[in-house]
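Report on the structure given below.
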Amino acid sequence: VRPEASVVFLLNPYKTRGLTPFAGGGLAILVAGAESAEYLLVRVGVESSPGGTKGWFVEGGVGGGVRLSAGIRGRWPRRAG
């Protein structure tokens, strides 16, 4: 079992067009039977349209090994209010 907790800082979270870099960090704990190990997580990446309703991201980092990830995300449109 490997639970993780991390925080990400977007350079411009309300940008609705274009790319925005981000960086993050956190902690992970690997539990294997009676043994456990703790890791610091560090990650950097880029996200498209973070303030928009849909976009994609690519990131890389380290924390108990090298990690690469990519994905798409979406959210419901915000209500004017």
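The values are calculated or read from the model by the stated rules, or taken from the named source; none is laboratory data. This is a predicted model, so every value here is computed, not measured. Counting neighbours? That spans all protein chains shown, and the Cβs are built from the backbone with ideal geometry, glycine included. Calculation scope for accessible area: heavy atoms of the full protein, side chains included, ligands and nucleic acids excluded. Shrake-Rupley method; radii C 1.70, N 1.55, O 1.52, S 1.80 Å.
Some points to look at:
- Candidates Ala28, Ala37, Ala70, ranked by Gaussian network fluctuation over the chain, Cα under 10 Å, top entry: Ala37
- On full extension, the segment bounded by Leu40 and Trp76 gains 9.7 nm, given 0.36 nm per residue less the C-alpha separation.
- Longest site-free stretch - the chain; sites: trypsin sites (Lys or Arg not before Pro), DSSP loop, at most 12 other Cβ within 10 Å: 18-74
- In this structure region 1-57 gives 68 Å² per residue of accessible area when probed at 1.4 Å with all protein chains present.
- Measuring nothing but how far apart in sequence close Cα pairs (under 8 Å, 6+ apart) lie, relative to its length, the chain scores a relative contact order of 24 percent.
- Residue-count net charge about Leu30 - beta-carbon cut-off 11 Å; Lys, Arg +1, Asp, Glu -1: -2
- Neighbour cut-off at most 16 other Cβ (10 Å), DSSP loop, chymotrypsin sites (Phe, Trp or Tyr not before Pro), region 1-63: Tyr14
- Over all pairs of different C-alpha atoms in the chain, the reciprocal of the mean inverse distance, the Kirkwood hydrodynamic radius, equals 14.1 Å.
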